[in-house]
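Trainee: Structure incoming, see below.
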Amino acid sequence: MTPKEKIAFVGVGRMGANMARRLKDCGYTITAVYDAHPATAAELATEIGAKNAKTLAAVTAAADVIFTVVSDDAAQLGIFATSGDSLLTRAKGRIFINCATITPKTHIEIEHRARRAGARTLEGCMASSIPQARNGTLYLMCGGTRKNFKRVHPILTKLSTALRYVGPTGQAAQVKALVNMVMNINTAGLAEGLGLGAALGLDLDMLREVFAQTGANSQVLKTDGEDMQNRAHDCYFSAAHAAKDSAIAWVLGAEAGLQLPLASATKQQFDRMVALKLGNLDKSGVAEITFKGRHA
């Protein structure tokens, strides 16, 4: 049986586009796509047979379920604006699944705005990357009411092989911030370990193997270690996003009254990459400011 839900996407960069492709492959009708870069939306719309929506209100009019995959708090608040073109226009009965890595406060604010418009929301925080979005193997953490989670559960199971309900709105964003905080700390630490190994003249193939067999092992070693060594920084998760996400976690720590020196130092490393115009590199590119002689 073909799924009856009509689905739309706002934000169709590599993650959003791959999620749309995946659901299209699973038999869902993707009715509309929208992006801040119109050419990006136009290309995907042609590929999957969706409407290239020219306004946010047109997206809402075309779908029952709308995924949003935008860049930051400002973009999220903008697409749910309380005046002008907005996803909230005639949004009664719609449900929005918000997948951006943004602050918990913004997720809560969007929930309030949607509720006033007669719509519902769910956090759909992702702890995965571009290939997983295409293959339907995302690690997906959801926040909101259980009722809303159950409402879209069949759709989410097509996107995720590790689907988890976390709790009320805001909590999924908190968990995602901590996931990325620890991941970014591990990434920066791995770059320092390999960078020091290189400076000491050690064989980095040997060193990575030793790391993998000891307490220095980590998921980041598997995904980024060889790339750091070979200076292969094709972007799956950008340094700019790492800087943004590290800041979210650091602020949460400050608000909780905690000292987080490792999170703070890691944030500064990725902030430095952005300042040096290296923010478009993958997070593994932190090695470029760590290895001796790579970057002034």
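Readers should treat all values here as calculations from the given coordinates under stated rules, not as data from a laboratory. All values derive from a computational prediction rather than experimental measurement. Positions of Cβ are backbone-derived with ideal geometry, glycine not excepted, and every protein chain shown enters the neighbour counts.
Trainee: In the chain, with Lys and Arg counted as +1 and Asp and Glu as -1 at Cβ, which of these residues, Leu200, Tyr34, Leu221, has the Cα nearest the positive end of the dipole, that is, farthest along it?
Mentor: The listed residue farthest towards the positive side: Tyr34.
Trainee: Which FRET efficiency, nearest 0.05, do Leu178 and Asp203 yield, Cβ-Cβ r, R0 51 Å?
Mentor: Details: r = 35 Å, r/R0 = 0.68.
Once the sixth-power term is evaluated, E becomes 0.90.
Trainee: Hey, fewest Cβ within 10 Å first, where do Thr89, Thr169, Thr82 land in order? Before the final figure, lay out each step's value.
Mentor: Working: Thr89 17, Thr169 23, Thr82 10.
The most exposed by this proxy come first: Thr82, Thr89, Thr169.
Trainee: Does anyone have the angle between helix 14-25 and the longest principal axis of the chain? Alpha-carbon axes, 0 to 90°, nearest 10?
Mentor: Result, in degrees: 50.
Trainee: Residue farthest toward the positive end of the dipole of the chain, with Cβ of Lys/Arg at +1 and Asp/Glu at -1: which of Val251, Thr187, Phe9?
Mentor: Phe9
Trainee: Can you report the principal axis dimensions of segment 174-289 using only the alpha carbons, biggest first, rounded to whole angstrom?
Mentor: 43, 31, 23
Trainee: Determine the dipole magnitude for segment 8-138: charges of +1 sit on the beta-carbon of Lys and Arg, -1 on that of Asp and Glu, nothing else is charged, the reference point is the Cα centre, and the result goes in debye to the nearest 20.
Mentor: Details: 15 positive and 11 negative charges, 72 e Å.
Dipole magnitude for segment 8-138 comes out near 340 debye.
Trainee: Between Ala39 and Thr157, what is the spin-label point distance in nm, taking each point 7 Å from the Cα along the Cα→C-beta axis?
Mentor: A separation of 4.1 nm, rounded to one decimal place.
Trainee: Go through segment 33-119 and name the trypsin sites (Lys or Arg not before Pro) that are in a DSSP coil and have 14 or fewer other Cβ atoms within 10 Å of their Cβ. Present the calculation step by step, with values, prior to reporting the outcome.
Mentor: Details: sites: Lys51, Lys54, Arg90, Lys92, Arg94, Lys105, Arg113, Arg115, Arg116; in loops: Lys54, Arg90, Lys92, Arg94.
Passing both the DSSP loop test and the Cβ count: Lys54, Arg90, Lys92.
Trainee: Setting aside same-chain residues fewer than 8 positions from Lys244, which aspartates and glutamates have a Cα under 13 Å from its Cα?
Mentor: Cα-Cα hits under 13 Å: Asp72, Asp73, Asp271.
Trainee: Next question. With the cut-off at 1.5 for a/c, could you classify segment 6-168 from its C-alpha gyration tensor as rounded, prolate or oblate?
Mentor: Working: a/c = 1.43, a/b = 1.03, b/c = 1.39.
Cα axes put segment 6-168 in the rounded bin.
Trainee: Sticking with this structure for a sec: Quick query: amide H of Lys6 versus all other amide H atoms, modeled in the peptide plane; which residues come in under 5 Å with a sequence gap of 5 or more or a different chain?
Mentor: Amide H to amide H, under 5 Å and 5 or more residues apart or across chains, Lys6 pairs with Asp64, Val65.
Trainee: Using the crude model of +1 on Lys and Arg Cβ and -1 on Asp and Glu Cβ, and no other charge, please compute the dipole size for segment 149-214 relative to its Cα centre, in debye to 20.
Mentor: Working: 6 positive and 4 negative charges, 162 e Å.
In debye, rounded to 20, segment 149-214 gives about 780.
Trainee: Now for a separate question. Using 0.36 nm per residue, how much length does the chain from Val210 to Ala74 gain when fully extended, once their Cα-Cα distance is taken away?
Mentor: Working: separation 136, 0.36 × 136 = 48.96 nm, distance 4.34 nm.
Difference between extended and current length: 44.6 nm.
Trainee: Nearest 10 degrees is fine. How inclined is helix 261-275 to the longest principal axis of the chain, computing both from alpha carbons?
Mentor: Roughly 80 degrees between the two axes.
Trainee: Could you size up the charge dipole of the chain around its Cα centre, putting +1 on the beta carbon of Lys and Arg and -1 on that of Asp and Glu, and report it in debye to the nearest 20?
Mentor: Working: 34 positive and 25 negative charges, 286 e Å.
Using Cβ point charges on Lys, Arg, Asp and Glu, the chain gives about 1380 debye.
Trainee: Take the Cβ-Cβ distance between Lys292 and Arg164 as r, set R0 to 45 Å, and report the resulting FRET efficiency rounded to the nearest 0.05. Spell out each step's value before the answer.
Mentor: On the way: r = 41 Å, r/R0 = 0.92.
Using R0 = 45 Å, I get an efficiency of 0.60.
Trainee: Which of rounded, prolate or oblate describes segment 19-94 when judged by the alpha-carbon gyration tensor and an a/c cut-off of 1.5?
Mentor: Details: a/c = 1.78, a/b = 1.42, b/c = 1.25.
Because a/c hits 1.5 or more and a/b exceeds b/c, segment 19-94 counts as prolate.
Trainee: Moving to a separate point now. Can you find, among Ala58, Thr106, Leu156, the residue farthest towards the positive end of the dipole of segment 6-168? Put +1 on the C-beta of Lys and Arg, -1 on that of Asp and Glu.
Mentor: Farthest towards the positive pole: Leu156.
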